[in-house]
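Visitor: The structure follows.
The values are calculated or read from the model by the stated rules, or taken from the named source; none is laboratory data. Since this is a predicted model, take the numbers as computed values, not measurements. Cβ placement follows ideal geometry from the backbone for every residue including glycine, while neighbour counts extend to all protein chains displayed. In case anyone asks, the SASA skips ligands and DNA or RNA and just uses the protein heavy atoms, side chains included. Shrake-Rupley method; radii C 1.70, N 1.55, O 1.52, S 1.80 Å.
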Amino acid sequence: MAVSRGVTVDGPWLQGLPAQVGEDCRVLVLGSMPGDASLSAGRYYAHPRNRFWPVMAEMCGFDPALDHGQRMAALTRAGVGVWDVIGRCQRRGSLDTAIVASSEEVNDLPGLLARLPSLRAVAFNGGKAAQSFHRHVQGRVPEATHAALAWLALPSTSPANAGCSLPRLLEQWRVLVPWLRHP
């Protein structure tokens with residue numbers, strides 16, 4: 001057990017992954033905190049049943065079976081960056097519901113947003129990402145930045161969101177298409 005902000009919490013401390021964002025990023029996809037498979041592999045959306053890569057591949061025109069480096073390069077070419085709202089937290093397992101809320105330490109999203117002049121949209125991959133952003137970060141984003149961007153809460157691509165089919169995910173995630181750069 002550890003103590004965070006005066007509250008005793010249980011669960012290992014997890015450190016997130018670095019941002020994967022090109023300097024001409026137009027769409028920033030924010031997850032909550034990578035799951036165990038992603039943290040173990042050191043790469044985003046590594047769980048084989050996560051639908052992030054099939055969704056993005058369909059919209060950006062690449063093969064979802066490419067290796068991770070090639071998929072990330074394809075996202076960057078399409079103007080898409082990936083990071084998480086939470087940079088460090090305590091959690092047992094991979095589920096967002098297992099994140100100890102009092103242990104959430106957020107990434108420097110206001111700093112990142114300030115460094116992305118081409119950014120047009122921020123997409124939250126699931127409700128926990130949106131909730132953590134609104135709770136910890138939104139008040140630190142300058143009003144002009146907030147007003148200039150589209151803020152989109154999208155359904156999670158996680159296998160835990162099994163009630164949302166791949167076709168339905170694609171339908172809802174297609175809202176990003178106007179901001180994508182196509183070859």
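Visitor: At 1.4 Å probe radius, can you tell me the per residue accessible area of the range 114-168 in Å²?
Guide: Values: 2780 Å² over 55 residues.
Counting only protein heavy atoms, the per-residue value for the range 114-168 is 51 Å².
Visitor: How many percent of the accessible area of the range 1-154 is carbon or sulfur, using a 1.4 Å probe? Each step should come with its number before you reach the end.
Guide: Working: 3550 of 6940 Å².
On the range 1-154, the fraction of accessible area on carbon and sulfur atoms equals 51 percent.
Visitor: Could you order the peptides 59-65, 74-80 from most to least packed, using the average number of other C-beta atoms within 10 Å per residue?
Guide: On the way: 59-65: 15.1, 74-80: 21.6.
Highest mean packing first, the order is 74-80, 59-65.
Visitor: By per-residue mean of other Cβ atoms within 10 Å, what is the highest-first order of 144-153, 111-120? Please report the intermediate quantities before stating the final value.
Guide: Details: 144-153: 13.3, 111-120: 14.9.
Those peptides, ordered most packed to least, come out 111-120, 144-153.
Visitor: Taking 1 over the mean of 1/r across every pair of different Cα atoms in the chain, what Kirkwood radius in Å do you get? Please report the intermediate quantities before stating the final value.
Guide: Numbers: mean 1/r = 0.0600 Å⁻¹.
Result for the chain, one decimal place: 16.7 Å.
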